[in-house]
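The values are calculated or read from the model by the stated rules, or taken from the named source; none is laboratory data. A quick note: this is a predicted structure, and the numbers were derived from the prediction, not measured. Glycine gets a Cβ as well: all are built from the backbone with ideal geometry, and neighbour counts include every protein chain shown.
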Amino acid sequence: MIAALRNRTGGALLALVLAAGLSVISAPPAPAAAAAYERCPDRYSCYFSGADGTGDMWLAPNPGCFDLGHWNPPFNDRISSVFNRGGHEVHMYDWTGSYWKWVADVQIGEQWSVGGGDPRNDVIDAVCVGRTP
């Protein structure tokens, strides 16, 4: 299904590909970061609500751009870490209220984690896998 995310100031549209039927996977925090990240299945990029792969996990279903506020349950403003086990680079963005601000990129095979004091923690509203908006 293709949906459009309207620039909330009335500007251009950012096309986002949204897949249906996925949900957030809840799991208790793992004792070690390596074990926590290993919950991420091969060929997916995985997004975690806690640092170092802990907390709830959301899987990007395929390449495309995803507005995390439209998932059930929403996963926007919750990402603290990422493990990119997929085949495409990951680009993450924050909706500032007037534009999409780039936050970070995660290369294939990389892990990304930020803590509570980092300004990139819990601000990601959209993820683009394999392309930029």
### Task
For segment 49-67, name all the residues that are outside any loop (DSSP other than H, G, I, E, B) and among the acidic types (Asp, Glu).
ASP52, ASP67
### Task
Scan segment 110-133 for residues that are charged (D, E, K, R) and out of contact with any Gly (no Cβ under 7 Å at 6 or more places or on another chain) and jot them down.
GLU110, ASP118, ARG120, ASP122, ARG131
## Note on the structure
Considering residues that are within 19 Å of ASP122 (Cβ to Cβ) and buried (at least 16 other Cβ atoms within 10 Å of the Cβ), the number found within segment 60-83 is 13
### Query
In segment 96-133, what residues are without any contact (Cβ under 8 Å) to a residue 60 or more places away in the chain and outside any loop (DSSP other than H, G, I, E, B)?
LYS101, TRP102, VAL103, ALA104, ASP105, TRP112
### Task
State whether one or more residues within segment 16-35 are at pLDDT 95 or above, within 22 Å of ALA104 (Cβ to Cβ), in a strand (DSSP E or B) and among the aliphatic types (A, V, I, L, M).
no
## Note on the structure
Going through (1) modelled with pLDDT of 95 or more; (2) touching a strand residue (DSSP E or B) at 6+ places or on another chain (Cβ under 6 Å) one by one, ALA60 fails only at (1)
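For GLY86, state whether it is out of contact with any helix residue (DSSP H, G or I) (no Cβ under 8 Å at 6 or more places or on another chain), in contact (Cβ under 8 Å) with a residue 40 or more places away in the chain and small (Gly, Ala, Ser).
Values: out of contact with any helix residue (DSSP H, G or I) (no Cβ under 8 Å at 6 or more places or on another chain): yes; in contact (Cβ under 8 Å) with a residue 40 or more places away in the chain: yes; small (Gly, Ala, Ser): yes.
Criteria met by GLY86.
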